[in-house]
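Single-structure report; data block below.
The values are calculated or read from the model by the stated rules, or taken from the named source; none is laboratory data. On a predicted model such as this, the values are computed, not experimentally measured, just so you know. Every residue, glycine among them, receives a Cβ derived from its backbone with ideal geometry; neighbour counts consider all protein chains shown.
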Amino acid sequence: MIELHLKVAGVLFLLLALIHAGFPRYFNWARELSGLSLINRELMYVHTLFVAFSVLLMGILCLHSPAALAGTKLGKDICLGLGAFWLLRLLIQFFGYSPALWKGKRKETLIHILFSLLWAYFTLLFLMVYFSGSTPPGRYAAHALPAQPYCSLPA
């Protein structure tokens, strides 16, 4: 069941990465950022690109390797990091943005609630994977480690 949730998260990550492509137009960055210096304006575009790329990679990882994420020590360690990442994003949703951006505005409040739930889902999913069951100490995906050393060193 947890692998299914990881795949669902993977699809959601891919959609979220695609949504980032529309940020400049949706937020009218051409007008809104025109008063910024060139470096600050370009930082907005470049950082948005790298956030989208990171989220895209999370999606690919969740879709391609849910069993490894849920069933290996390395996968669980990655999930701990992703859980911390999305927990921080969830906290920023409430403490990093002013409530004036959404309070009293029907559409913005709905978006705030939906994304808060999404960040909470990602946080809980990855932390549940990390804390669920037990993985034998040192167990990593069998295909990730060579059966024989690549070269042998003299004794």
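Here is a yes/no grid of residues against (1) part of a helix (DSSP H, G or I); (2) touching a residue at least 40 places away in the same chain (Cβ under 8 Å); (3) within 30 Å of Gly133 (Cβ to Cβ); (4) not assigned by TED's automatic domain parsing to the domain that holds Leu12:
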position: Gly83; (1), (2), (3), (4): yes, yes, yes, yes
position: Arg89; (1), (2), (3), (4): yes, no, yes, yes
position: Ala100; (1), (2), (3), (4): yes, no, no, yes
position: Thr109; (1), (2), (3), (4): yes, no, no, yes
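Scan the range 52-101 residue by residue and report those that are of a type in the set (Lys, Arg) and under 15 Å from Tyr121 (Cβ atoms).
If we filter the range 52-101 for residues that are of a type in the set (Lys, Arg), which is where we start, we get 73, 76, 89.
Of everything in the range 52-101, just one residue is of a type in the set (Lys, Arg) and under 15 Å from Tyr121 (Cβ atoms), namely Arg89.
Considering only residues that are closer than 28 Å to Val129 by Cα, surrounded by 13 or more Cβ atoms within 10 Å (Cβ to Cβ) and out of contact with any helix residue (DSSP H, G or I) (no Cβ under 6 Å at 6 or more places or on another chain), which ones fall in the range 1-48?
Across the range 1-48, the qualifying residues are Val8, Leu12, Leu18.
Residues being surrounded by 12 or more Cβ atoms within 10 Å (Cβ to Cβ) and in a loop (DSSP other than H, G, I, E, B): count how many of those fall in the range 111-134.
1
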